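A.B. asks: This is the structure I want to talk about, given as structure tokens.
The values are calculated or read from the model by the stated rules, or taken from the named source; none is laboratory data. Worth saying up front: this structure is predicted, and the values here are computed from it rather than measured. When we count neighbours, we look across all protein chains shown, and the Cβ atoms used for this are built from the backbone with ideal geometry, even at glycine.
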Amino acid sequence: MRGSLKLFTWFGIPVHLHWTFGLIFLYALWVGHANELDWIGTIWLMGFFIALFTCVLLHEYGHSLTARRYGVETRDIILTPIGGIARLEKMPEKP
């Protein structure tokens, strides 16, 4: 996908980070500064975002690996600030 950075490939499925994902980290820095958090608090906030999107990534892999079981391949997974997208080649004929 245009405007995204390839992070890695896992289980044969490429994972991309959309350019707007950087806004999450800028937001974390801004919130840390606006609430007068020290650097430790800001790092904890960024750690929260990393943990959150690790869960989103695992969720999207759940979609991808289930689709693979039904014979549908996944082109890639894209992480965006509002969640993840597992882009499937097609929809399965029967669920």
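A.B. asks: Would you check which residues across the stretch 1-22 are more than 18 Å from LEU65 (Cβ to Cβ) and either over 13 Å from the mean Cα position of the chain (by Cα) or of a type in the set (D, E, K, R) (or both) and list them?
C.D. replies: Within the stretch 1-22, MET1, ARG2, GLY3, LYS6 meet the criteria.
A.B. asks: Sticking with this one: For the stretch 67-75, indicate whether the set of residues that are more than 16 Å from the chain's Cα centre (by Cα), in a helix (DSSP H, G or I), surrounded by 11 or more Cβ atoms within 10 Å (Cβ to Cβ) and of a type in the set (Ser, Thr, Tyr) is non-empty.
C.D. replies: No.
A.B. asks: Further question: Does GLY22 fit the bill of being exposed (fewer than 13 other Cβ atoms within 10 Å of the Cβ) and closer than 19 Å to LYS90 by Cβ?
C.D. replies: Against the criterion (exposed (fewer than 13 other Cβ atoms within 10 Å of the Cβ) and closer than 19 Å to LYS90 by Cβ), GLY22 does not qualify.
A.B. asks: When you check ILE40 against the structure, is it out of contact with any Ser or Thr (no Cβ under 8 Å at 6 or more places or on another chain) and either on the phi < 0 side of the Ramachandran plot or assigned to a strand (DSSP E or B) (or both), yes or no?
C.D. replies: Details: out of contact with any Ser or Thr (no Cβ under 8 Å at 6 or more places or on another chain): yes; either on the phi < 0 side of the Ramachandran plot or assigned to a strand (DSSP E or B) (or both): yes.
Yes: the conditions hold for ILE40.
A.B. asks: To continue, here is another question. Here's a check for you: in the stretch 1-24, which residue that is assigned to a helix (DSSP H, G or I) and not β-branched (Val, Ile, Thr) is nearest to ILE82 (Cα to Cα)?
C.D. replies: Filtering first and then ranking leaves PHE21.
A.B. asks: Of the residues TYR61, TYR27, only one is in contact (Cβ under 8 Å) with a residue 40 or more places away in the chain, of a type in the set (Phe, Trp, Tyr) and not in a loop (DSSP other than H, G, I, E, B); which? Give the steps one after another, and end with the answer.
C.D. replies: Working: TYR27 fails: in contact (Cβ under 8 Å) with a residue 40 or more places away in the chain.
Result: TYR61 is the single residue among TYR61, TYR27 that is in contact (Cβ under 8 Å) with a residue 40 or more places away in the chain, of a type in the set (Phe, Trp, Tyr) and not in a loop (DSSP other than H, G, I, E, B).
A.B. asks: Sticking with this structure for a sec: Do you know which residues across the stretch 36-95 are among the charged types (D, E, K, R), at pLDDT 95 or above and farther than 13 Å from PHE11 by Cα?
C.D. replies: Matches in the stretch 36-95: ARG87 only.
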